[in-house]
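Right, one structure below, let's go through it.
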There are 2 protein chains.
Amino acid sequence: MREVAVIGIGQSAFGKFPWRTAADLGAEAVRAALDDCGISPKAIEVAHCARAYDANCTAQGVLKEVGVRGIEMINVENACAGGATSFRGVWKEIADGRYDVGVAIGVESMTTSPIAGKLIPPEKSDLEGHLGLTMPAMFAMVARRQMEQGATAEDFAQVSVKNHHNGCLNPQAQYKKEFSIADVLNSRMICDPITLLMCCPNTDGAAAAILCSMEVARRYTTRPIRVLASALCSAEYKYAQEDICASPVGIKVARMAYEMAGVDPKDIDLVEMHDAFANEEILRYEDLMLCEPGGGIELLRSGATAIGGRIPVNPSGGLLALGHPLSASGVRTVCEVVLHLRGQAGERQTPKAKVGLAQMLGGLVTNLEHGAVAGVHILAR
Amino acid sequence: MREVAVIGIGQSAFGKFPWRTAADLGAEAVRAALDDCGISPKAIEVAHCARAYDANCTAQGVLKEVGVRGIEMINVENACAGGATSFRGVWKEIADGRYDVGVAIGVESMTTSPIAGKLIPPEKSDLEGHLGLTMPAMFAMVARRQMEQGATAEDFAQVSVKNHHNGCLNPQAQYKKEFSIADVLNSRMICDPITLLMCCPNTDGAAAAILCSMEVARRYTTRPIRVLASALCSAEYKYAQEDICASPVGIKVARMAYEMAGVDPKDIDLVEMHDAFANEEILRYEDLMLCEPGGGIELLRSGATAIGGRIPVNPSGGLLALGHPLSASGVRTVCEVVLHLRGQAGERQTPKAKVGLAQMLGGLVTNLEHGAVAGVHILAR
């Protein structure tokens, strides 16, 4: 298996742009990624593109705009982990020696999708979903359990305060506004104890990453970012699991990635992850072994996961402030990690970042399991 | 690169089943494929699943039903070539040595999709589509050009008569009814000269194929079907191409496949292909080099592409009679080829079939190019 490098990253504006097409958003991200590494569109040999809603040869539509045509293009979907899936898809093509240069794209136009302004609807067969167990209800139930174990609503609010602060340092964030704990707690109640400012917004946007073999990378840059691990797996769907707070598939995939990368969780310098709801971030600290089991609340309270802390989490602003165009997020998190590893993250830079981790969870709440699929990538300079 | 075998094939019922979920249809196909080769669901290590409409972790939903959980699952989309894409995805996983056993799934529930009862809507940016250049209009325009070159409406009707006859020999076809040339010509005019019986129907259905390394295949069967070639590519989108009848990407991918397989078009014993409209099949004879350029009409009139002819095309009944659940068709065509190579195709069997070809075209009519993407697989016993 060949070593794979990321040489170009790009992101479109994130926000609500109902007048823009997915092709337009995706092309903005791909153009930025091509500019970032200075390669010609003609050098791209393969593309994987994630989009959850209205996919209809999206890769072809995006790449036509930037003059990439006549190559193998695969459109993928894996709910919120779609971007992690497209990144892994291109990584495989190169690691396995099938192609030398490829682009991973994630794009979502939420404001023009069939669920614009709505909650993600349950599948036909999802009984609990139809009875009201939507995403916010699910995470509210989990939050109640976290509160039984010592968390407070202020802790959840603190995650949102932290990530919105980070978003203020990110020119590409959808929301650049500081909020206080009181602001978050006093925002509209969505599903007790989850308030509006503890939920990620609906967002239009795209991200792209250009991957290549290490040999090709050295032609374009003296500082390629290496992909140490790529792991993706779907859930076991064990009904009524013992601990509704943990994501078993999230834990499994994190372990797969650490083992593949040959790094210890304590070697990780920064993490970008799925914080669709503020309380979720605390759970994932434990799933990703950034602390001992049960130590998530303490880790948050210690300030370790803030910018400047021991292990910054979501320095980009995360889904909460940067916005969450479903399939774009899994590529965008990788782009953020790359920025830090290159020392190009500006005011939100993680000092001396050498190894970073990008995680995504995706999928239905059916059977009380968070995440039908999880993807983790570990990158290093 | 390792040699890959198909050891199990399965198909759900094809028809209009608005009361069934995609998970249910997909599970029927996967169960049939597992039964076909006698392997345990636990042996499946990876899955790729195609679905164009309402994809939302469809692979996870399908496979949960049959007890396949906790593995890597990739949901893909490539319009009508989605099934070819999922088959190729699993082929790559095994050819590249990443996994030993995988399942390729294609599923579509057209009757519950947002386009149920409608034409496939044009993309936002597709100006011609919004001006009325829908799929039937596009193929009617192409048919007019074919008529300038010597084809008659009776020729187009003959394709439909042939494929509907074949469908009568296929227990799994949506329509099992013989039609005469007059029946086809006198059916409702859709877009002159394309009549209703020259259009493929909207269909719900699923297909699945189990692929594995040759080493594993020998444990389960003495007669594995080998995948000689897998090719997939997206279009160049050259506006106002010289010949609106040919599909440049279809020709390119056919050549890639023949070269990879090391076989000549004259070595092919049967073909399953995209006959969304009756006149299209004649064009694809030429794209796939089953005859000389311009020889498609003559090939049809000679009877060579009927069951019992020199090179049977769509012995299954094709999209016209068997039905066209978009993403399922690309896997279903492979399943049909496998049946013939095994000698299990019953009344529609191609005698002494040794090598077969499954082709799919997918995608928008934007810029007058047929097919945003083409996929071709060549299989042999």
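The values are calculated or read from the model by the stated rules, or taken from the named source; none is laboratory data. On a predicted model such as this, the values are computed, not experimentally measured, just so you know. As a convention, Cβ positions derive from the backbone with ideal geometry for all residues, glycine included, and neighbour counts pool all protein chains shown.
Details
- Flag if A:Ala358 is part of a strand (DSSP E or B) and more than 25 Å from A:Thr195 (Cα to Cα): yes
Each row is one residue, and each column tells you yes or no for (1) touching a residue at least 12 places away in the same chain (Cβ under 8 Å); (2) closer than 19 Å to A:Tyr175 by Cα.
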{"residue": "A:Gly8", "(1), (2)": "yes, no"}
{"residue": "A:Phe14", "(1), (2)": "yes, yes"}
{"residue": "A:Glu28", "(1), (2)": "yes, no"}
{"residue": "A:Asp36", "(1), (2)": "yes, no"}
{"residue": "A:Ser40", "(1), (2)": "no, no"}
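- Per-region count, segment A:301-349, residues under 18 Å from A:Val159 (Cα atoms) and surrounded by fewer than 24 Cβ atoms within 10 Å (Cβ to Cβ): 11
- The residues on offer are B:Gly323, B:Gly343, and the sole one that is without any contact (Cβ under 8 Å) to a residue 24 or more places away in the chain, more than 14 Å from every other protein chain (Cβ to nearest Cβ) and farther than 29 Å from A:Glu65 by Cα is B:Gly343.
- Set side by side, the residues B:Gly89, B:Gly102 differ, and just one is more than 10 Å from chain A (Cβ to nearest Cβ), surrounded by 24 or more Cβ atoms within 10 Å (Cβ to Cβ), out of contact with any Phe, Trp or Tyr (no Cβ under 8 Å at 6 or more places or on another chain) and under 27 Å from B:Ala254 (Cβ atoms), which is B:Gly102.
- Residues being surrounded by 24 or more Cβ atoms within 10 Å (Cβ to Cβ) and either over 14 Å from B:Asp100 (Cα atoms) or hydroxyl-bearing (Ser, Thr, Tyr) (or both) - total across segment B:33-47: 1
- Residues of segment A:135-166 satisfying the condition of being of a type in the set (Val, Ile, Thr) and either in contact with a Lys or Arg (Cβ under 6 Å, 6 or more places away or on another chain) or modelled with pLDDT under 95 (or both): A:Val142
- The number of residues in segment A:221-240 that are crowded, with 17+ Cβ neighbours inside 10 Å and within 13 Å of chain B (Cβ to nearest Cβ) comes to 7.
- Residue satisfying condition, being buried (at least 22 other Cβ atoms within 10 Å of the Cβ) and out of contact with any strand residue (DSSP E or B) (no Cβ under 7 Å at 6 or more places or on another chain), within set B:Ala23, B:Ala29, B:Ala55: B:Ala23
- Of A:Arg301, A:Arg342, A:Arg332, all but one fail to be in contact with a Ser or Thr (Cβ under 8 Å, 6 or more places away or on another chain) and in the same structural domain as A:Ile181 (by TED's automatic domain parsing); the exception is A:Arg332.
- Among the residues of segment A:105-125, those identified as of a type in the set (Gly, Ala, Ser) and either more than 15 Å from A:Val30 (Cβ to Cβ) or within 13 Å of chain B (Cβ to nearest Cβ) (or both) are A:Ser109, A:Ser113, A:Ala116, A:Gly117, A:Ser125.
- Residue match in segment A:355-372 (condition: more than 15 Å from the chain's Cα centre (by Cα) and either surrounded by fewer than 19 Cβ atoms within 10 Å (Cβ to Cβ) or of a type in the set (Lys, Arg) (or both)): yes
- Verdict on B:Gly150 being of a type outside the set (Lys, Arg), in a loop (DSSP other than H, G, I, E, B), more than 14 Å from every other protein chain (Cβ to nearest Cβ) and more than 27 Å from B:Ala182 (Cα to Cα): no
- Those helices (runs of 4 or more DSSP H) lying entirely in segment B:1-111 with at least 1 residues at pLDDT 95 or above and of a type in the set (S, T, N, Q): B:82-95
- The requirement of being surrounded by 23 or more Cβ atoms within 10 Å (Cβ to Cβ) and assigned by TED's automatic domain parsing to the domain that holds A:Cys80 is fulfilled somewhere in segment A:110-130, by at least one residue.
- Residue match in segment B:243-253 (condition: closer than 28 Å to B:Ile297 by Cα, under 16 Å from the mean Cα position of the chain (by Cα) and modelled with pLDDT of 95 or more): yes
- Of all the numbered requirements in (1) surrounded by fewer than 20 Cβ atoms within 10 Å (Cβ to Cβ); (2) farther than 30 Å from A:Pro248 by Cα; (3) within 9 Å of chain A (Cβ to nearest Cβ); (4) of a type outside the set (Ser, Thr, Tyr), B:Gly70 misses one, and that requirement is (2).
- Checked against the criterion of being β-branched (Val, Ile, Thr) and within 11 Å of chain A (Cβ to nearest Cβ), segment B:24-44 contains not a single residue that satisfies it.
- Scanning segment A:178-231 for residues that are part of a loop (DSSP other than H, G, I, E, B), among the basic types (Lys, Arg) and under 22 Å from A:Val6 (Cα atoms) turns up just one, A:Arg223.
- Apart from one condition, A:Ala137 fits all of (1) part of a loop (DSSP other than H, G, I, E, B); (2) surrounded by 16 or more Cβ atoms within 10 Å (Cβ to Cβ); the exception is (1).
- Hits in segment A:143-199 - residues which are more than 30 Å from A:Gln344 (Cα to Cα), surrounded by 15 or more Cβ atoms within 10 Å (Cβ to Cβ) and hydroxyl-bearing (Ser, Thr, Tyr): A:Ser187, A:Thr195
- Subset of segment B:241-279 that is among the polar types (S, T, N, Q) and crowded, with 18+ Cβ neighbours inside 10 Å - its residue that is farthest from the other protein chains (Cβ to nearest Cβ): B:Asn279
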